[in-house]
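The values are calculated or read from the model by the stated rules, or taken from the named source; none is laboratory data. Since the structure is predicted, the reported quantities are computational estimates derived from the model, not experimental observations. Here Cβ is always computed from backbone atoms with ideal geometry, including for glycine, and neighbour counts include all displayed protein chains. Please note that ligands, DNA and RNA were not included when accessible areas were found on the heavy atoms of the full protein model with its side chains. Shrake-Rupley method; radii C 1.70, N 1.55, O 1.52, S 1.80 Å.
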Amino acid sequence: MFRRSTMSRGARAALSVSLSVALGGAAQAQNRAALEQHIVSLAKQYVSADSAVRAYDDSIARLNSALDTATAGAFRLTTSRRIAPLARAAADKADRGLRDLFGASTTRLSSYRFVIRDSRNRGKLDTSRVEIALSDSTGREVLSGAANAEVEAVSRYLSSLALNRLTRTAGPDFNAWLQAQLPMDTMTAAEWSKARLVVVSTWASVGKGCYDGRAHDCGALVALESTNDPVMDWFDPRMRREAVRQHLRAFDNRSETRSECLGGDDASCATMLHRAGFNPLPIPLRGSLVRQALALGGTGAYERLVEANGDVPTRLAAAARVPADSVVRAWQSNIRFTRVPSDAMRSSIAAASLGWIVLCVGLSLRSSRWR
Amino acid sequence: MALTFPRWLSAAVIGCALLLVAVWRGGVSTERPPLPRRDDLARRAGSAHNQITAAVDRLRVLELRDSLAARHGGTATSNGTVYVDRHFSSELRTLFDAVVQREPQTLSPAGVPMDVAFVLDSGRAAPSAAGAAVAQAVTLSGRASPGRVARAYLLPALGSDDRCLALVRVDQRGNGGMYGGRYDLVRAPSLAGPCAYYQAFGRPGPAIDRWLRERGWMLGQRTAWRRALAARADAAYWPAYRSPFYFFDGWAARQDLTPAGIRCHAGDIAACERALFDPAKSGPATWGDGIITFDPRRTTELGMVERQLRSEMVRTLGPDRFAQFWHSTESPAAAFKTAAGVSMGEWTHDLLVRTYGEQHLGPGIETASMGMGALVLAIGLGVGLAAARRRTIG
Amino acid sequence: MFGAITAIQWKWSRGPALLATLIGFLIPVLSLQSARRALLTADEFVYIMQQFSIGYSMLAAGAGLVVALAAWAHDHRGRHVYALSLPVARWRYALMRFGAGALFLLAPTAGVLAGSLVVAAMGAVPSGLHVYPVALTLRFAFASGVAYAIFFAISASTAKTAGVILGIIGAFLLAQTTLAMLAVRYDLLSSVSTLIFSPPGILSVFAGRWMLIDV
C-alpha cells in the first residue's frame with residue numbers, strides 16, 4: 001500500500017522499520033468490535049427514522065389518493081370535495097396565465113399532481129385556509145404550503161408551484177446559474193435603478209468595468225464568462241481584506257488566519273475567501289438579464305427558453321431571438337441609462353412642510369410673550 | 001383633584017402593575033414552536049445519518065490504525081518516519097514533501113518520535129468482514145466530500161514503546177485545486193498536532209496523561225509555540241460605524257467566548273478552573289485508546305482561545321518549566337502551580353486579558369466615564385450656582 | 001425653606017416624574033419579554049438586553065431634562081423677581097433648587113429598580129446568566145444625575161446661553177449637510193458622536209453596558 005517517499009531529510013536510505021506495535025491486540029479488537037456494534041445500533045436507528053419519514057410520505061400519498069381528481073388545463077388536480085370548485089377556478093386562472101407565457105411547454109406539468117386539500121388547525125377544520133402541495137408521479141409530495149381560501153391566492157400559489165417545475169425543465173446548468181425561479185414580469189424603471197445600484201456597489205472589479213461599458217466585464221458580472229480565480233482576478237488586496245472583515249464575520253472569525261488577514265497578510269485573506277467559497281458576484285442580477293432576454297423575445301420567449309438545448313447563453317439567445325452578446329449589451333444599456341423620475345420633491349412633501357410650518361408658527365404665537 | 005403624594009404613589013404602583021400585566025400577557029410563548037411533522041421526522045433521520053457517518057469514519061480510522069500497526073518502509077526524517085500511499089498523484093506527493101519539510105524539528109533526546117502517514121482515503125470504511133450487519137450499516141453512511149483532508153493522531157499507548165502517529169487521510173478526488181483542505185495543509189503552522197508535545201517533552205506524568213486524554217488534548221490544536229497568540233482587537237470585529245450604545249470594550253471576546261469563557265475573562269477564576277478541569281459536555285478528548293480527531297463543530301467551554309491554550313503555556317512558561325509540569329506526578333492543577341507559580345485558572349484569565357483586553361460583567365461605567373460624569377455633574381452645578389449669583393432683575 | 005422649595009417644585013415635576021417612573025419600570029420588563037423567546041442562545045439573550053441601552057439612556061436624559069426645566073421654568077416666567085427678593089443667598093437658593101430636583105430623580109430610579117427586581121423575581125433567565133438589578137439602578141441614577149446637572153446649568157443660564165448651545169448643535173447639522181452637498185465623504189456626526197459618547201467623552205456615561213442580565 002505504501003511507497004517509499006521521494007522526500008528525505010539527511011540519509012536517503014530507507015529504513016526498514018518493522019514495527020510490531022504491542023498495542024494490546026485484545027484491547028484494540030475490543031475497541032473495534034464495540035464500535036462496530038455501535039454502528040449497527042446506529043444503523044437500526046437510522047433505518048427506523050428513515051422508515052418513519054417514508055411512512056409519513058406514504059400516509060400523505062394515501063390521504064391524497066382518497067381525494068377527488070380533476071383536470072384544469074395543464075393542471076392535474078387532486079382536491080377535497082368541499083373545495084373542488086375553488087380549486088378548479090384557481091387552476092383555470094393559473095393555467096391561462098401560464099399558457100400565455102409558456103405555450104405548449106405547459107404540458108411538461110403533466111407528470112405532476114397539484115393537491116389542494118382542507119387545512120386543519122389543531123385538528124379542527126380551518127375554512128379560511130387551504131393546503132396546497134405538489135406531488136410527483138409516485139404520489140410523494142415534493143413541495144407544500146398553504147394559502148388563503150380565495151381563488152386569487154390559490155391561483156398565485158399554483159402558478160408559483162408550476163413555475164418552480166417549469167424552471168427546472170430548463171436544465172440543471174441554467175438552474176444552477178439562475179438560482180431562482182423564472183421571472184414572470186418585465187423590469188420596471190425602479191427595478192433597473194436598483195439593479196444599477198447593485199452593479200456599481202459590487203466589490204468585484206468587473207462591476208465598474210461593466211458599468212463603464214466593457215461587454216466582457218458585464219458577461220463576467222452575470223457569470224456568463226468565467227475566470228479561474230475570481231477572488232484573485234477581480235479583487236485587489238484591499239478589497240479582499242474588506243471582504244473578510246465584513247462578509248466573513250461568523251465564518252472562521254476566530255482563527256489566526258483572520259487576524260493575519262486583517263493585519264495585512266493578503267495570502268491569509270485569499271485563503272479564507274477561497275475556503276468560504278466566497279462568491280463576489282451578485283446573483284440577483286442574473287434574474288434581470290433573463291427578464292431582458294424575455295422582453296426582447298416577445299411572444300413565445302419563455303417557451304423557447306425552456307425548450308432550447310444548450311448552455312445558458314444558448315437559452316438566452318433562443319429566448320431573445322438575438323445572440324447572447326446582444327442581450328448583454330441591451331441589459332447593460334438599461335442598467336446604465338434607465339432612470340426613474342426623481343421624487344426628491346413632491347406635492348405631498350410641500351404640503352406636509354407647509355402644514356408643519358403653520359402649526360409651529362401658530363404654537364409660537366400662543367406664547368404668553370405675545371399676549 | 002390634586003395629585004397629592006399618596007395619590008401619586010398609588011398611581012405609580014397601580015400603573016406599574018397594569019404595565020406588568022399588559023406586557024407579560026401580550027408576550028411570546030417560551031415554547032419553541034413545533035416543527036411541521038415531516039420536517040421533524042426528516043431532522044431526526046438526518047441526525048441519525050450524521051451519527052452513523054461519523055461512527056463509520058471512526059471505524060475507518062481504526063481500520064487504518066490496525067493496518068498501519070505493522071508498517072514498514074517509509075522514509076526516515078529527523079522527527080520520525082514518513083509513509084506515503086503510492087497511489088497519490090505527483091502533485092499531491094509534492095505537496096506532502098513541502099508539508100513535511102516545513103515541519104519544525106522538535107524531537108528531543110527524551111522525546112517520542114512521530115511517524116506521519118499520508119493515506120489515500122475516501123473516508124468510508126470498507127465493508128468489514130466482521131459481519132453483514134456492519135457491512136450493511138457502513139453502506140448507509142455518507143461519503144466524504146472530494147478533496148477532503150482529515151487528520152487523526154494516534155497517541156502512544158500507556159506503558160509501551162509506541163510512536164506517535166499523525167494519520168493524514170486525503171481524498172484525491174476533485175479538481176486538484178489548492179483550496180479547501182489541501183490549502184489548510186499547506187497553511188497550517190504544523191502537522192504534528194499533539195505528537196509535537198510527545199516529541200519535545202516525552203511522555204507526560206500519569207495524572208497529566210489522564211487529564212490530557214479526558215480534557216487536556218482539547219486545549220490546543222495549535223503547536224506553533226514559538227509564535228505568540230495574536231491579540232484580537234475590537235476594531236477587527238466592529239463594523240465601520242459603531243453605535244456607542246451597542247458596542248463596548250470586550251465585545252470581540254463576547255463573539256469568541258462562551259458564557260463560561262466570558263466569566264473567566266472577567267476574573268472568575270473558579271469558572272476558568274471548571275472550564276479547564278471539568279469533563280467537557282461534548283465528551284472526552286480522546287477515543288479508542290488514545291486517538292484524537294478534531295471536530296470543528298464540537299463546542300468548547302472557553303471558545304476559540306481554547307484551541308491555543310497549550311501552545312501558549314509552552315511559550316509563556318518556557319520549555320523547561322513546561323517540561324516540569326509535563327513530567328510531574330502531581331495533579332494537573334498542582335503541577336501547573338508548582339511550575340508556573342500561578343494557578344492554571346489565573347494564567348488562563350491573564351491570557352484572555354492579554355488577547356482581548358479587559359472584560360466586565362453586567363451594567364457598569366468605565367472608570368474614565370465615571371470620572372468625566374462626576375466632573376460634568378460638578379461643573380453643571382457650579383455653572384448653575386454661578387449663573388444664579390450673577391443674575392439681576394431687568 | 002428647602003421644604004417649601006421642594007414642595008412647590010414637586011407640584012411642577014410630579015406629572016413628568018410619574019411618567020418617567022412608569023417608563024423606568026417598563027423598560028426592564030420589556031427587555032426581558034423581548035429576550036425570553038426560547039429560540040435565543042445565552043449570548044443572543046445578552047445582546048437583546050443590551051439593545052435596550054438606548055432606552056435607559058434616553059430615559060435618564062429625558063428625566064434629567066424635564067426635572068431641570070421644571071426647576072427654573074417658573075422663575076424664568078416671573079423673570080426671577082420673586083426668587084431674587086427672597087432673604088437667602090442666591091447661590092444657596094440655586095443649591096436648594098438643585099437638591100430638590102435631584103430628589104425627584106429618585107422616582108424614575110425607583111421605577112427602574114422595581115422593574116429590575118421584578119425581572120429578577122420572574123426567574124425567566126437562561127442558566128448561566130445573572131441579573132444585576134442594583135448595578136443597573138445605580139448606573140441609571142448616576143446617568144440621570146449627570147443629565148440633570150447639564151440641563152440645570154443650561155436652564156439656570158440666560159436664554160442667550162441656551163440659544164448658543166442650540167446654535168452649536170445646529171452648526172454641526174449644517175456642516176454635515178454641507179459636506180454631503182459638496183460630495184465630501186466624511187461622517188462628521190459619527191465622529192463627534194464617537195468623541196462624545198466613547199470613554200472618557202463628556203456623555204460617555206450614557207453609552208456602554210446597560211445589560212440588566214449578563215453572564
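So the values come out like this:
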| quantity | calculated |
| --- | --- |
| Bins of 20 Å from zero: percent of alpha-carbon pairs in chain A | 19, 33, 34, 12, 2, 0 |
| Extension gain (nm, one decimal) between B:Ala378 and B:Phe294, 0.36 nm per residue minus Cα-Cα | 24.5 nm |
| Average partner coverage of C:144-155, which counts Cβ from other chains inside 10 Å | 5 |
| Pairwise centroid distance, computed over Cα atoms, of region A:288-360 with region C:140-156, Å | 56 Å |
| Net charge dipole size for region C:39-165 [Lys, Arg +1 and Asp, Glu -1 on Cβ; Debye, nearest 20] | 760 debye |
| Loop-located chymotrypsin sites (Phe, Trp or Tyr not before Pro) in region B:310-394 whose Cβ has at most 16 other Cβ within 10 Å (DSSP) | none |
| Other protein chain Cβ atoms within 10 Å, averaged over every residue that makes up B:41-54 | 6 |
| Average beta carbon contacts from partner chains per residue of B:258-269, 10 Å cutoff | 3 |
| Among A:Arg32, A:Arg286, A:Arg117: highest mean-square fluctuation, GNM of chain A, C-alpha pairs under 10 Å | A:Arg32 |
| Bins of 10 Å from zero: percent of alpha-carbon pairs in region A:68-170 | 16, 53, 26, 4, 0 |
| For chain A, built as a Gaussian network whose Cα springs stay under 10 Å, the top-fluctuating residue of A:Ile39, A:Ile116, A:Ile283 | A:Ile39 |
| Selected from A:Val328, A:Val130, A:Val142 as most flexible by GNM, with chain A as the system and alpha-carbon contacts under 10 Å | A:Val142 |
| Excluding exposed DSSP-loop trypsin sites (Lys or Arg not before Pro) (at most 12 other C-beta within 10 Å), longest clean stretch of chain C | C:80-184 |
| Dipole moment magnitude, nearest 20 debye, the protein assembly as shown about Cα centre, only Lys, Arg, Asp, Glu C-beta charged | 2320 debye |
| Computed over chain A: relative contact order in percent, which uses C-alpha pairs under 8 Å that are six or more apart | 13 percent |
| Contact surface B-A: accessible area buried, both sides summed, square angstrom, 1.4 angstrom probe | 5900 Å² |
| Heavy-atom surface of region A:68-170, accessible at 1.4 Å and reported per residue (Å²) | 47 Å² |
| Antiparallel %, DSSP beta bridges [both residues in the protein assembly as shown], to 5 | 75 percent |
| Most to least packed among B:308-315, C:117-124 [average Cβ atoms within 10 Å] | B:308-315, C:117-124 |
| Carbon plus sulfur fraction of accessible area for region A:68-170, probe 1.4 Å, in percent | 44 percent |
| Shape metrics for the protein assembly as shown, restricted to C-alpha atoms - Rg then Dmax, Å | 35.8, 111 |
| J(HN,Hα) series, region B:342-353, from Karplus relation 6.51 cos²θ - 1.76 cosθ + 1.60, nearest Hz, glycine and proline x | 10, 6, 5, x, 5, 4, 5, 4, 4, 4, 5, 5 |
| Residue (of A:Pro284, C:Ile48, B:Gln308) at the positive-pole extreme of the protein assembly as shown, dipole from beta-carbon charges | C:Ile48 |
| Centroid-to-centroid separation of region B:76-98 and region A:94-147 [C-alpha atoms, Å] | 57 Å |
| Cα centroid separation - region A:28-63 against region C:12-57, whole Å | 48 Å |
| Chains C and B, summed buried accessible surface - 1.4 Å probe, Å², nearest 100 | 5900 Å² |
| For peptides B:70-77, B:16-23, B:380-387, sequence by mean Cβ density within 10 Å, most packed first | B:380-387, B:70-77, B:16-23 |
